[in-house]
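Note sheet for the following structure.
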Amino acid sequence: RQVAKSAEVAAGQIKDPEYRERALAEVAGALARAGKIDRARQVTESAVSATKQIEESWMRVRVLGEVAAVLTRAGRIEEALDVADQIEDLWLRVRVMVEVADVLVGVSDVGWARQVARSAEVDAGKFKDPEYRARALAEVAGALVRVDDVGRARQVTEKAVIATKRIKESKYCVWVLVEVAGALVQVGDVERARQVAKSAEVAAGQIKDPE
């Protein structure tokens, strides 16, 4: 208990807001794992509140993602989801929710994990940029497979395939297609995965920039 308190005090004294909130997040996770739930919640609230002091929006979003990830690994799912809701960056929010779903699968709460994965699917569908849309949908498809929602995962991977067709830059299209092909393998659609992989090969041959 004394060690956790000392760590909390030390974290609170860090002047750089980015590092202070990261440290507080780690302290909150340690407190949660030690069963000090109320205190962990208070420290989490302090960490989230203090992120408002971070001037750069991209850094603030990243720190919120790290706070949510720490809470997820500590088993504080509801708090992690609350923090995830505050993440404005869609890509990071989807990644955090996928991680939450995976943790829930690990503790055999598949029903809740499925709900979280489907919420991530909704967020993934909000992307207007086809590259990020395809990547996010591929990420969600993998999560859906792990929550035993294979039928839904197949539908999501097909949406990802459609999104890849709107990517104009071949060099970006290649690795997105590879990710989507991997998602198709996970849902058991090997033949479709081969087709997508072939498309990636064609796109690779169209890259003009050697870099």
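The values are calculated or read from the model by the stated rules, or taken from the named source; none is laboratory data. No experiment lies behind these values; they were computed from the predicted model shown. Methodologically, a virtual Cβ is constructed for each residue, glycine included, from the backbone with ideal geometry; neighbour enumeration extends over all protein chains shown. Remember, those area values only see protein heavy atoms, side chains included, never the ligands or the DNA or RNA. Shrake-Rupley method; radii C 1.70, N 1.55, O 1.52, S 1.80 Å.
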Helices (runs of 4 or more DSSP H) (entirely within the range 1-103) containing at least 1 residues that are free of Cβ contacts under 8 Å to residues at least 24 places away in the same chain, of a type in the set (S, T, Y) and out of contact with any strand residue (DSSP E or B) (no Cβ under 9 Å at 6 or more places or on another chain): 2-12, 17-33, 37-50
Search result, residues across the range 43-61 that are open to solvent by 90 Å² or more (accessible area, probe 1.4 Å) and modelled with pLDDT of 75 or more: E45
Odd one out for D129, checked against (1) among the charged types (D, E, K, R); (2) free of Cβ contacts under 8 Å to residues at least 24 places away in the same chain; (3) at positive phi: (3)
Pick from the range 134-159, criterion among the small types (G, A, S) and under 15 Å from the mean Cα position of the chain (by Cα), ranking: surrounded by the fewest Cβ atoms within 10 Å (Cβ to Cβ): G142
Yes/no for V187 being touching a residue at least 40 places away in the same chain (Cβ under 8 Å) and either among the aliphatic types (A, V, I, L, M) or under 21 Å from D89 (Cα atoms) (or both): yes
Subset of the range 111-133 [of a type in the set (A, V, I, L, M), buried (at least 18 other Cβ atoms within 10 Å of the Cβ) and farther than 12 Å from A101 by Cα]: A124
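For (1) closer than 26 Å to E99 by Cα; (2) touching a Leu at 6+ places or on another chain (Cβ under 9 Å); (3) modelled with pLDDT of 90 or more, each residue gets a yes or a no:
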position: A143; (1), (2), (3): yes, no, yes
position: D149; (1), (2), (3): yes, no, yes
position: E169; (1), (2), (3): no, no, no
position: A203; (1), (2), (3): no, yes, no
position: I207; (1), (2), (3): no, no, no
position: E211; (1), (2), (3): no, no, no
